[in-house]
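The next block holds one structure in the form of structure tokens; read it before the comments.
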Amino acid sequence: MRTRLVVVFLVPVIAILLSLAGATGWSAARSIQQALYTEQLGDLGYFVSSARQALRSGSETVIEGEAQRFQEVYGIDVTVFDLSGGVWATSDPGQDVLPDEDAERVQLALSGRRAEAPDPPFPWIISDAAAVEPVFDDGDVIGAVMITADVEAPRAEIFRQLLVLSAVAVVSIALGVLLVVQLARWVLSPVRRLDDAMIAIERGEMHARVAEDTGPPELRRMTRVFNDMAEEIERVLTRQQEFAMNASHELRNPLNALLLRVEHLATGLGPEWQGDVEETREEGRRMARILETLLGLARRGRADSMFSAVDLSALAADRVDAWRDVAAQRGIGFEAQAEGAVMSVTDRTIVESALDAVIDNAVKFSPGGSMIDVGARRDGEAGMIEVRDHGPGLPPDQVDSATGRFWRSADSGDVPGTGLGLAIATDLLTSIGGELSVSSPDDGGLLIALRLPDGASG
């Protein structure tokens, strides 16, 4: 934004300064040229009078001597032409041939017309300034006088003034740039402080605030609104952290008591129950890991992901076994789609939790007697776990909405649920750099894929 403001303010300033400098330089050149031309007219007036008398008498000696002395003192050449256009008297005897431009001026003067003022002698134009005046006698032209002055001095003066104007323009532009940059910085300083505060809040520094008594009045209301919003966000997050901390802490005691009862009951069961007892223990330990993750999230504001090598095929098989009895109550079975070991470096607890949410969704919407396909495979550098049910599925225009919080299809009917399962799974995978995708196969049902890049971190 500061760059745009600087450009918006600076371009007109530079355009105005350059326009003023150009106009001033042109005016200075014209002024010097006019002064030179005025001096030439004065000298022409003197030599025209002398040339008239000399041409009348037919003797060029007097005027030629005056022209030579004038050339020696002022460095200006004087040439007198007769009516035929030939050189009659001159201060420079070595001058034989006139330049075409000067010859045209002489012919114009012999026709009774005064030559126009020469163009301004800019520094990069190397030429002499010549002025020609006709000599009249009783209304008839009897000759012409030409004065040729060296323009080195006026050219140097114009060049000096242009240098001064250029220096002034450069200094003015530099001052304008400095002024515009400072102005943009002053205008945007409240916005910059707001941006810094938002970055701090994004980093977890929820106490970051912006002083409300600084900056333009137009931005102070925005600053107050931002501070109020930040305070409300801090209050909400604090309440959420307190709830998560209290819930995770209070659930640990009942869970530990439940595990102790399981161990106590296991002592009185026969060997045929050892498989079920071990599955119950593993589910209890998994719940304990989930509670530890929840408690860490509440304390530190983020979960510490524990990455390790995980066989996604084995993980999917374990979760299928854990859900098999629940699905069997509704006449739903599972079919494994394994490709052997599928290794991935990821957070096991988070992947298990996300997969549970997906399997729970599939069990809810699968009709009795159907099968749920669960399998793992490699997809380039990522591991994939796919869950395919054969339920009603979703129309293509509703697939993207399936992972939204509290979203439920209008065709879900009386199926219990809150619309949070897939949203929670999506958030869990995002926290470790993974992603969840939902698609509707052509033959019905819903296909949900969990993509897990190796070693990803949120």
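Close amide-amide hydrogen proximity is noted between residue 342 and 312, 313, 314, each under 5 Å apart and 5 or more residues distant or on a separate chain (H modeled in the peptide plane; Pro and chain starts excluded). Taking amide H atoms as placed 1.01 Å from N in the peptide plane, the amide H of residue 379 lies under 5 Å from those of 384, each 5 or more residues away in sequence or on another chain. What is the log10 of I(q)/I(0) for the stretch 168-210, computed with the Debye formula using one identical point scatterer on each Cα and no solvent, at q = 0.14, 0.16, 0.27, 0.32 Å⁻¹? Rounded to two decimals, the profile gives -0.48, -0.54, -0.83, -0.96. I need the P(r) histogram for the stretch 354-407: all alpha carbon pairs, bin width 5 Å from 0 out to the longest distance, whole percents. Bin by bin from 0 Å, the calculated values are 4, 16, 22, 25, 20, 11, 2, 0. Take the Cβ atoms of residue 71 and residue 140, set R0 to 25 Å, and the FRET efficiency comes out at 0.30.
Each principal axis of the chain carries a Cα extent, and these read 156, 54, 41 Å when sorted largest first.
Residue by residue, the stretch 135-150 carries 3J(HN,Hα) couplings of 10, 9, 9, 6, x, 9, 7, 10, x, 8, 10, 10, 10, 10, 10, 6 Hz when phi is fed to the Karplus relation 6.51 cos²θ - 1.76 cosθ + 1.60 (θ = phi - 60°); x denotes Gly or Pro. In this structure, the amide hydrogen of residue 337, modeled 1.01 Å from its nitrogen in the peptide plane, lies closer than 5 angstrom to those of 374, 375, 376, counting only residues at least 5 positions away or on a different chain. Here the relative contact order of the chain, from alpha carbon pairs under 8 Å that lie six or more residues apart, stands at 10 percent. Just the protein heavy atoms count here, and of the accessible area of the chain at 1.4 Å, carbon and sulfur take up 57 percent.
The values are calculated or read from the model by the stated rules, or taken from the named source; none is laboratory data. From a predicted model like this one, the values you see are computed outputs, not experimental measurements. All Cβ positions, even for glycine, are placed from backbone atoms using ideal geometry, and neighbour counts span all protein chains on display. Just so you know, the surface numbers come from the protein's heavy atoms only, side chains and all, with ligands and any DNA or RNA stripped out. Shrake-Rupley method; radii C 1.70, N 1.55, O 1.52, S 1.80 Å.
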